[in-house]
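First up is the structure itself, then whatever we jot down about it.
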Amino acid sequence: MAKGKNQHVVPHSDGWAVKGAGNSRATKVTPTQSEAIQVAQTIARNQQSDTKIHGENGRIRAGNSYGKDSCPPMDKK
């Protein structure tokens, strides 16, 4: 279960924004999606939460979890 807010990388009029889940204002706006992803990953690691990467159309296209997984994979490779 995630401790902090999930971090969303979303399109913004000035490039790409990192927003905490449920927040109306951006935490940070960057010119490129790559930079926004790095910022979101840092915040998510610190808060043990998830990242949700949105495409230009606004739909989620990727994500990662940085918290404890309540349903970890069963295979032990």
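The values are calculated or read from the model by the stated rules, or taken from the named source; none is laboratory data. Everything quoted here is computed from the prediction, not taken from an experiment. In this analysis, Cβ positions are derived from the backbone assuming ideal geometry, glycine residues included, and neighbour counts consider all displayed protein chains.
Only residues that are surrounded by 16 or more Cβ atoms within 10 Å (Cβ to Cβ), more than 16 Å from R61 (Cα to Cα) and either at pLDDT 95 or above or of a type outside the set (D, E, K, R) (or both) were counted in segment 1-11, giving 2.
Going through segment 21-51 one residue at a time, which ones are closer than 22 Å to G67 by Cβ, more than 8 Å from the chain's Cα centre (by Cα) and part of a strand (DSSP E or B)? Across segment 21-51, the qualifying residue is only K28. Before we move on, is A36 without any contact (Cβ under 8 Å) to a residue 40 or more places away in the chain and either within 16 Å of A62 (Cβ to Cβ) or touching a helix residue (DSSP H, G or I) at 6+ places or on another chain (Cβ under 9 Å) (or both)? It is true that A36 is without any contact (Cβ under 8 Å) to a residue 40 or more places away in the chain and either within 16 Å of A62 (Cβ to Cβ) or touching a helix residue (DSSP H, G or I) at 6+ places or on another chain (Cβ under 9 Å) (or both). Within segment 1-21, the set of residues being out of contact with any helix residue (DSSP H, G or I) (no Cβ under 8 Å at 6 or more places or on another chain) and over 14 Å from S49 (Cα atoms) comprises V10, P11, H12, S13, D14. Need the failing condition index for S65 against (1) under 12 Å from the mean Cα position of the chain (by Cα); (2) without any contact (Cβ under 8 Å) to a residue 40 or more places away in the chain, just the number. It is condition (2) that S65 fails. Please tell me if R45 is out of contact with any strand residue (DSSP E or B) (no Cβ under 7 Å at 6 or more places or on another chain) and surrounded by 13 or more Cβ atoms within 10 Å (Cβ to Cβ). The answer is yes for R45.
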